[in-house]
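The values are calculated or read from the model by the stated rules, or taken from the named source; none is laboratory data. All values derive from a computational prediction rather than experimental measurement. Don't worry about glycine lacking a Cβ; one is built from the backbone with ideal geometry, like all the others, and counts go over all protein chains shown. The accessibility values were calculated without ligands, DNA or RNA, using every heavy atom of the protein model including side chains. Shrake-Rupley method; radii C 1.70, N 1.55, O 1.52, S 1.80 Å.
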Amino acid sequence: MSSSADNALPNIQCPQCGGPSSFERSNRFRPFCSERCKLIDLGAWGNEDFRVPAQSPPQDQPYGDPRLED
């Protein structure tokens, strides 16, 4: 017979501060360790700090209109 400790989820690393964070359902901020870390991450998304790098076209080329490209 297994105990509830055997079914417990492990602590993970908070993606914001790197500290320990519980992935249990009782942690309403998961995967973050706290509301503060969750809000810092949300603010970074709002500021567009997380972006996929894209190549910029040369200065003399039109940007974004495929009809104007060869």
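Report, by residue number, each residue of region 16-43 that is small (G, A, S) and either assigned to a strand (DSSP E or B) or surrounded by 16 or more Cβ atoms within 10 Å (Cβ to Cβ) (or both). Walk me through how you get there before you give the answer.
Of the residues in region 16-43, the ones small (G, A, S) are 18-19, 21-22, 26, 34, 43.
Correct list: S21, S22.
Inclusion of Q59 among residues that are open to solvent by 80 Å² or more (accessible area, probe 1.4 Å) and either in contact with a Leu (Cβ under 7 Å, 6 or more places away or on another chain) or at pLDDT below 90 (or both) is warranted.
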